[in-house]
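Asker: Before we start, here is the structure in question, set down as structure tokens.
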Amino acid sequence: MLGREPMRRCDGEAPALRSVPVRPLTRAEVGRKAGVDPGYIDRLVEVGILAPSEPNGFSSGDVLKARWVRGWEEAGVSLDGMAAAVRDGRLSFSFMDVPAFERFTALSTKSFREVSTGTGVPMDLLKVVREAFGFAEPRPEDLVREDELSVVAAIELMLASGFRHTIVERWLRVCADNLRRIAETETEWWRTEVEEPLLQSGMAEVDMLEAQADLGSHIAPLTEQALLAMYHGQQDHVWSESMVEHIEGALEKAGLSRRLHSPPAISFLDITGYTRLTEERGDAAAVDLATRLSDLVRRTANENGGRPIKWLGDGVMFYFKDPGSGVVAALGMVEGVETSALPPAHVGIHAGPVVFEGGDYFGRTVNIAARIGEYARPGEVVVSRQVVDASEGMPVSFTEIGPVELKGVSEPLRLYVARKAGTTDPS
């Protein structure tokens, strides 16, 4: 139906849906969960939009139908007109009955004011919770959604543990921003990879909605599983960074840290305006930019004894056994980016001990290198004093910027702008 082979597991079987018995809902429950009067539910049954299996045999899909039909009606669409279109087969809401839609919860019995009073979570934070779910700011008398209550429970524990309100709000907004981007990306590829091929095959809109919803019920649990796995992987990485930093601090206080005679270097290269450029020019431009950048930096790093560790969306992290070679490579990358008509690059490099774990590098050296990279201006390679000291004999020169305070670094650092030997300071 989609013009391609159906999804299969490695054992050749189509992925199975979990079947969990669900208690039928009463008309009063459907009305409450949908935020409408029970009498409105009777009206939807009367016109044929809802068709319960028995007088009180409604489903969770009926909650969605009631909510959406009321929304369309409030927008000016005639209820009788929608009912007639359903009877004629020109419109259908039955796709909302598939398991994929069961994840969307309904309204609870508690208002925001009641939840605030009962939990001690301030109303302003509860409003941010509603915003984090993508909805408009609620009034105190509005009912809290059932899924929002799970977030409230986490916030209640955070506040009881001494978390500042500003930190909790920042967490909510960061989660909301990134999860919205994930959902928007999923919706876009669902449209281009599922819905449009179905319509182009000649399928009617109403039949397409049924077909795509069925496929969605199979694929949604798998994408959720993948999303959670990636989140746990990111936690593993970030928590490891934090643990290494604490252990390094403890070793230093105990006099057990050691200065390396020939420390390795960590380098961060970033492309200025990468995110804005890809948003303006679209996915094709992003792929082209990433491909050209990848070819350039891999080749330059390998030629100078370094290797890319990971890609960071708008940049790359490198490891160099020899800091001087890392500086030469960075200067070559910045120059190559410029001559390749790519947006300007900037690089930060720091040398010192690092901890290797799970294919990645951790520790204070990594964190400082990242901060230096953030400080560097477009077209600049900025390095620490440790890199300068380890670059003797290399065809590079350095101009001191001076002591610089960097975010997350306890003491000011002496930073330098690196240049190829024989070039002059353009300023």
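The values are calculated or read from the model by the stated rules, or taken from the named source; none is laboratory data. All values reported here derive from a predicted model rather than from experimental measurement. Positions of Cβ are generated from backbone atoms using ideal geometry, with glycine treated the same way; all protein chains shown enter the neighbour counts.
Asker: Checking residue 301 against (1) without any contact (Cβ under 8 Å) to a residue 60 or more places away in the chain; (2) not in a helix (DSSP H, G or I), which test does it fail?
Answerer: Of everything listed in (1) without any contact (Cβ under 8 Å) to a residue 60 or more places away in the chain; (2) not in a helix (DSSP H, G or I), residue 301 misses just condition (2).
Asker: Follow-up. Could you look through the range 70-87, keep only residues that are farther than 9 Å from residue 49 by Cα and touching a residue at least 24 places away in the same chain (Cβ under 8 Å), and pick out the one that is farthest from the chain's Cα centre (by Cα)?
Answerer: Among those residues, the one meeting the criterion is 80.
Asker: Looking only at the range 54-66, count every residue that is closer than 14 Å to residue 28 by Cα and buried (at least 18 other Cβ atoms within 10 Å of the Cβ) and tell me the total.
Answerer: Residues meeting the conditions: 6.
Asker: While we're on this one: Scan (1) surrounded by 12 or more Cβ atoms within 10 Å (Cβ to Cβ); (2) within 30 Å of residue 119 (Cβ to Cβ) for the single condition residue 164 breaks and write down its number.
Answerer: Failing condition for residue 164: (1).
Asker: OK, next. Any residue at all in the range 176-184 that's in contact with a helix residue (DSSP H, G or I) (Cβ under 6 Å, 6 or more places away or on another chain) and either without any contact (Cβ under 8 Å) to a residue 12 or more places away in the chain or within 27 Å of residue 35 (Cβ to Cβ) (or both)?
Answerer: Yes, that holds for at least one residue.
Asker: If you go through the range 72-83 one residue at a time, do you hit one that is of a type in the set (S, T, N, Q) and either crowded, with 20+ Cβ neighbours inside 10 Å or modelled with pLDDT of 85 or more (or both)?
Answerer: yes
Asker: Another one. Tell me whether the range 102-117 contains one or more residues that are assigned to a helix (DSSP H, G or I), under 28 Å from residue 208 (Cα atoms) and modelled with pLDDT under 85.
Answerer: yes
Asker: If you check residue 164 against the conditions, is it of a type in the set (Lys, Arg), more than 18 Å from the chain's Cα centre (by Cα) and within 15 Å of residue 121 (Cα to Cα)?
Answerer: So residue 164 passes the test.
Asker: Can you work out which of the residues in the range 78-99 that are hydroxyl-bearing (Ser, Thr, Tyr) and in a loop (DSSP other than H, G, I, E, B) is nearest to residue 203 (Cα to Cα)?
Answerer: Looking at residues that are hydroxyl-bearing (Ser, Thr, Tyr) and in a loop (DSSP other than H, G, I, E, B), I get 92.
Asker: Shifting gears a bit: May I ask you to list the residues in the range 50-73 that are closer than 14 Å to residue 35 by Cβ and of a type in the set (Asp, Glu)?
Answerer: 62, 73 - these are the residues of the range 50-73 that are closer than 14 Å to residue 35 by Cβ and of a type in the set (Asp, Glu).
Asker: Have a look at 130, 139 and point out the one that is surrounded by 15 or more Cβ atoms within 10 Å (Cβ to Cβ) and either within 19 Å of residue 30 (Cβ to Cβ) or not assigned by TED's automatic domain parsing to the domain that holds residue 60 (or both).
Answerer: 130
Asker: Same structure again: Show me the strands (runs of 3 or more DSSP E) found entirely inside the range 304-378 where at least 2 residues are of a type in the set (Val, Ile, Thr).
Answerer: Filter on the range 304-378 gives 345-351.
Asker: Condition first: surrounded by fewer than 21 Cβ atoms within 10 Å (Cβ to Cβ), under 12 Å from residue 270 (Cβ atoms) and not acidic (Asp, Glu). Now tell me which residues in the range 372-386 satisfy that.
Answerer: 375, 377, 378, 379
Asker: Can you pull out the helices (runs of 4 or more DSSP H) entirely within the range 142-246 that have at least 3 residues that are over 30 Å from residue 108 (Cα atoms)?
Answerer: In the range 142-246, the matching helices (runs of 4 or more DSSP H) lie at 165-190, 196-200.
Asker: Out of all the residues in the range 74-132, which are more than 26 Å from residue 180 (Cα to Cα), touching a helix residue (DSSP H, G or I) at 6+ places or on another chain (Cβ under 7 Å) and of a type in the set (Lys, Arg)?
Answerer: Within the range 74-132, just 90 meets the criteria.
Asker: Just the residues that are of a type in the set (A, V, I, L, M, F, W, C) and in contact with an Asp or Glu (Cβ under 7 Å, 6 or more places away or on another chain), please, taken from the range 110-162.
Answerer: 112, 121, 125, 128, 129, 133
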